[in-house]
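Asks: My structure is below; once you've seen it, I'll send some questions.
Derivation of every value follows stated rules applied to the coordinates shown; laboratory data play no part. Quantities reported herein were computed from a predicted structural model and do not represent experimental measurements. Note that each Cβ is placed from the backbone with ideal geometry, even for glycine, and that neighbours are counted across all protein chains shown.
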Amino acid sequence: MRFAYADPPYVGQARKLYGCDEVDHAALIQRLDSEYAAWALSASSPSLRYLLPLCPEDVRIFAWVKPFAIFKPNVRVAYAWEPIIVRGWRKGDRTMPTVRDWCAENITLKRGLCGVKPEKVCHWLFDAIGIEAGDEFTDLFIGSGAVTIAWHSYRALKGWD
């Protein structure tokens, strides 16, 4: 199975947070869907209204819940979860453990970029997709490199390397 993870700058945040051009999310979703059997796309909760109409109807929303998150001044309800749009996970059977569609893990701090994914979140996502030895993984937005590093540590934990 070919699996890709995309963690681009969130809709409307590229220039503000990273000083780069906005990502063409419609083209990104089309690429994910045409090139990969399974994929995941990190998003912000406010961007779901924009992103979901661009997605195939059979996507699911997984949730990274953040027990410790940054509380913004003058924002009464904290942004303490992150949606991950997922399509194409491997089907299981009764012998396989059930994986929740959410993961609770604190944000990372002082990792070089805003929004660096914790290793535990990446490992949960790999489990939820049902990645197996021999599957191909592509990290489409390298950023800090944390997701690719987590992929290698996941493979090592599974004894695939």
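Asks: Would you mind checking the tilt of helix 25-35 against the longest principal axis of the Cα atoms of the chain, expressed as 0 to 90 degrees and rounded to 10?
Replies: Computed tilt is about 10 degrees.
Asks: Now a separate question. Determine which aspartates and glutamates satisfy two conditions relative to Lys72: a Cα distance under 20 Å, and not lying fewer than 8 residues away in the same chain.
Replies: Counting by Cα, and skipping residues close in sequence, Lys72 has these aspartates and glutamates nearby: Glu82, Glu105.
Asks: How high is the FRET efficiency between Arg94 and Glu35 when r is their beta carbon distance and R₀ equals 35 Å, given to the nearest 0.05?
Replies: So, using R0 = 35 Å, E works out to roughly 0.65.
Asks: Scan around Ala4 for amide H atoms under 5 Å from its own, H built in the peptide plane at 1.01 Å from N, and keep only partners 5 or more places away or cross-chain.
Replies: Ala38, Trp39, Ala40, Thr138
Asks: Something else: So how strong a dipole does the chain carry about its Cα centre when Lys and Arg Cβ are +1 and Asp and Glu Cβ are -1, to the nearest 20 debye? Working shown, then result.
Replies: On the way: 20 positive and 19 negative charges, 130 e Å.
Here the chain has a charge dipole of around 620 debye.
Asks: Compute the relative contact order of the chain as a whole-number percentage, counting only Cα pairs closer than 8 Å that sit 6 or more residues apart in sequence.
Replies: So the answer I get is 25 percent.
Asks: Sticking with this structure for a sec: Quick check: the angle from helix 119-129's long axis to the longest principal axis of the chain, C-alpha only, nearest 10 degrees?
Replies: 50 degrees
Asks: Oh, and also: Over segment 2-158, consider all pairs of different Cα atoms and compute the Kirkwood hydrodynamic radius from their mean reciprocal separation; express it in Å, one decimal.
Replies: 16.3 Å
Asks: Can you give the net charge of the other residues whose Cβ lies under 10 Å from the Cβ of Arg2, counting K and R as +1 and D and E as -1?
Replies: Its environment carries a net charge of -3.
Asks: If packing is taken as the average number of other Cβ atoms within 10 Å across a peptide's residues, how do 58-66, 146-154 rank, most packed first?
Replies: Numbers: 58-66: 16.2, 146-154: 17.9.
Per-residue mean Cβ counts within 10 Å order the peptides as 146-154, 58-66.
Asks: Something else: With the contact rule set at Cα under 8 Å and sequence spacing of 6 or more, what percent relative contact order holds for segment 12-102?
Replies: In percent, rounded to a whole number, it is 30.
Asks: Taking only Cα atoms and a 10 Å spring cutoff, compute GNM fluctuations for the chain and point out the largest among Glu105, Glu82, Glu132.
Replies: In this elastic network of the chain, the residue with the biggest mean-square fluctuation among Glu105, Glu82, Glu132 is Glu132.
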